[in-house]
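What follows is one structure encoded as structure tokens, with my remarks underneath.
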Amino acid sequence: MEEDLMEYAPNIPDNVLELIFSFLKLQDLRNCTLVCKSWYRFFSDENNEVWRAQCLQKVPAEAFKNDLLTVVPTYKAKLRAYFHAWNPFDCSRHVYIKPNGFTLHRNPVAQSTDGSRGKIGFKHGRHAWEVRWEGPLGTVAVVGIATKDAAIQCHGYYALLDLPEKNFYPTVAAVYGNTEISMVYLGAPLDG
């Protein structure tokens, strides 16, 4: 029975695959790419209807109302960028993540260094982000990488970044109040 399925899997038309895969969870889609070359090819199209449906389900509608995501042209890239955006649960109490999921806002608080980390950290490799900074920089404004254990808030003005000894996360720290910083993950740099 299983051998029969493996014989027919590569021959299923793309429109039928779209219909079937549109009901799967994102985690299951990766497993589907491993079934056969035909299915891998199907998922290689980062703008197909399955990636579009996943993107519209997961990425907040607010993110599509401005030009933030124009730097990532495909639905799969937009989805990847969202999963690498600022982490609303890993930021200082004076910072909040706006409804678009990509922009943080720092409330004006004197004598406080505040920061936020991205949702996903990395152990190795080269990665690229587009960072948009709107508003004044601040005393020791920093965008960089930090470990999961680095402080995210402290009294006074400090650069909160530390050395990447384990996993490292995109991080911003020490900005003036009412400043907004957007971060869009682009993936591996094009130069390799």
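Fully extending the segment from Tyr96 to Ile12 would add 25.6 nm, taking 0.36 nm per residue of separation and subtracting the current Cα-Cα distance. If you wrap the tightest convex hull around every Cα atom of the chain and split its volume per residue, you get 142 Å³. Legend: distances between Cα atoms for Lys58/Lys98; Lys65/Lys98; Lys65/Lys148; Lys78/Lys98; Lys25/Lys119; pairs beyond 23 Å are Lys65/Lys148. Based on C-alpha pairs under 8 angstrom that are at least 6 apart in sequence, the chain has a relative contact order of 20 percent. Note on the chain: dipole from Cβ charges, positive end direction compared against Ala53, His94, Val143; the farthest Cα belongs to His94. Entry note, the stretch 63-128: relative contact order of 31 percent, from Cα contacts under 8 Å with a spacing of 6+ residues. Distance from the alpha carbon centroid of the stretch 176-192 to that of the stretch 13-36 works out to 30 angstrom. Charge tally for Tyr176 (other residues, Cβ to Cβ under 14 Å; Lys, Arg +1; Asp, Glu -1): -2.
Rg/Rh, computed from the Cα trace of the stretch 1-104 with Rh as the Kirkwood radius, has the value 1.10.
In the P(r) worked out for the stretch 14-65, what percent of Cα pairs fall beyond 19 Å?
23 percent
With both labels modelled 7 Å from their Cα along Cα-to-Cβ, the Asn66 to Ile20 distance reads 4.1 nm.
Where a number appears in this text, it was derived from the coordinates with a stated rule and is not lab data. As the structure is a computational prediction, the values presented were derived from the model and not from experiment. Because the Cβ atoms are built from the backbone with ideal geometry, glycine has one as well, and the counts that use them run over all protein chains shown.
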